[in-house]
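**Student:** Mind looking over this structure? Questions follow.
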Amino acid sequence: MTRMTPLLDRNEQFAGTYVPVALGPPTAQMIVVSCLDHRVDPAIVLGLQLGEAPVIRNAGGRVTQAVIDDIVYLAFLAEQLFAGQVDADRLFEVAVVHHTQCGTGFLADPEFRHQAAEATGLPEAALVASAVADPHATVKVDVERLLTAPNLSPKVSVSGHVYDIATGRVTTTVDARYPNGSRAA
Ligand SMILES: [Zn+2]
């Protein structure tokens with residue numbers, strides 16, 4: 001008996017009615033970037049089903065270089081593997097979702113951040129970069145960061161959203177647009 005035991009029981013139930021999903025482009029034509037916080041799981045909050053959208057999660061849901069690299073690769077993969085299956089001009093939309101009450105908000109406080117850096121050995125700059133004190137502000141920064149990434153496919157659009165822990169509601173802060181500035185439908 002480990003802490004995993006009850007979760008494996010749930011998996012047993014899941015597998016009982018499971019229907020395999022074939023490899024294919026994400027059917028919602030979306031990629032979601034969100035915080036790893038256990039209260040903001042996009043599968044539950046956005047009702048995602050298997051096969052609909054890759055989800056990339058890290059502390060804060062920040063658009064780090066690692067996140068950009070994953071998205072660049074996914075765009076390449078989609079074009080290579082699914083030519084003809086995906087819209088030639090529009091591969092997918094990336095929805096960046098930040099949230100209220102984010103635990104990374106503590107990192108906006110210099111003293112807390114300094115303590116965290118000392119105790120963990122993580123560089124202070126990395127801790128600054130993951131802080132979400134005002135999700136409406138950081139989500140705008142991150143949408144810009146992704147849209148201006150030099151190797152982002154021009155066929156990928158990006159939008160920004162904030163999830164409110166208090167209400168369960170997601171609101172759009174930045175409408176979807178392509179790197180060239182045109183609005184996505
Ligand atoms: Zn968070």
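**Student:** Please report Rg (one decimal) and Dmax (integer) in Å for the Cα set of region 1-50.
**Tutor:** Just the Cα atoms of region 1-50 yield Rg and Dmax of 14.0, 40 Å.
**Student:** Have a look at the DSSP beta bridges in the chain and tell me what percent are antiparallel, nearest 5.
**Tutor:** Of those bridges, close to 25 percent are antiparallel.
**Student:** Let me ask you something else. Would you mind checking which residues have amide H under 5 Å from ILE31's amide H? H placed 1.01 Å from N; only 5 or more apart, or other chain.
**Tutor:** GLU93, VAL94, ALA95
**Student:** Starting from the eigenvalues of the Cα gyration tensor, five times each then square-rooted, give me the equivalent ellipsoid semi-axes of region 1-87, largest first, whole Å.
**Tutor:** Output for region 1-87: semi-axes of 26, 20, 11 Å.
**Student:** Additional query: List, largest first, the extents of the alpha carbons of region 40-126 along their principal axes, each in whole Å.
**Tutor:** Principal axes ranked by extent give 53, 26, 19 Å for the Cα atoms.
**Student:** A further question follows. Can you sort SER159, SER182, SER34 by how many other beta carbons sit within 10 Å, fewest first?
**Tutor:** Ranked by crowding around the Cβ, least crowded first: SER182, SER159, SER34.
**Student:** Next up: Given the convex hull over the Cα atoms of region 90-185, what projected area results after averaging over all orientations, in nm²?
**Tutor:** Averaged projected hull area, Cα only: 7.2 nm².
**Student:** Can you put TYR73, TYR178 in order, fewest other beta carbons within 10 Å first?
**Tutor:** TYR73, TYR178
**Student:** Right, another one. What does the highest-first list of 108-114, 139-145, 12-18 look like by mean Cβ count within 10 Å?
**Tutor:** Order by mean packing, descending: 139-145, 108-114, 12-18.
**Student:** What's the whole-number percent of alpha carbon pairs in the chain lying beyond 29 angstrom?
**Tutor:** The share of Cα pairs beyond 29 Å in the chain comes to 30 percent.
**Student:** Whole-Hz ³J(HN,Hα) for each residue in region 165-178, computed from phi via Karplus 6.51 cos²θ - 1.76 cosθ + 1.60 with θ = phi - 60°, x for glycine and proline: what do you get?
**Tutor:** Listing the rounded values in order: 4, 6, 10, x, 9, 9, 10, 8, 9, 10, 5, 5, 8, 8 Hz.
No value in this document is a laboratory result; all are computed from the given coordinates. As the structure is a prediction and not an experimental result, all values here were calculated from the model. Backbone-built Cβ (ideal geometry, glycine too); neighbour counts: all protein chains shown.
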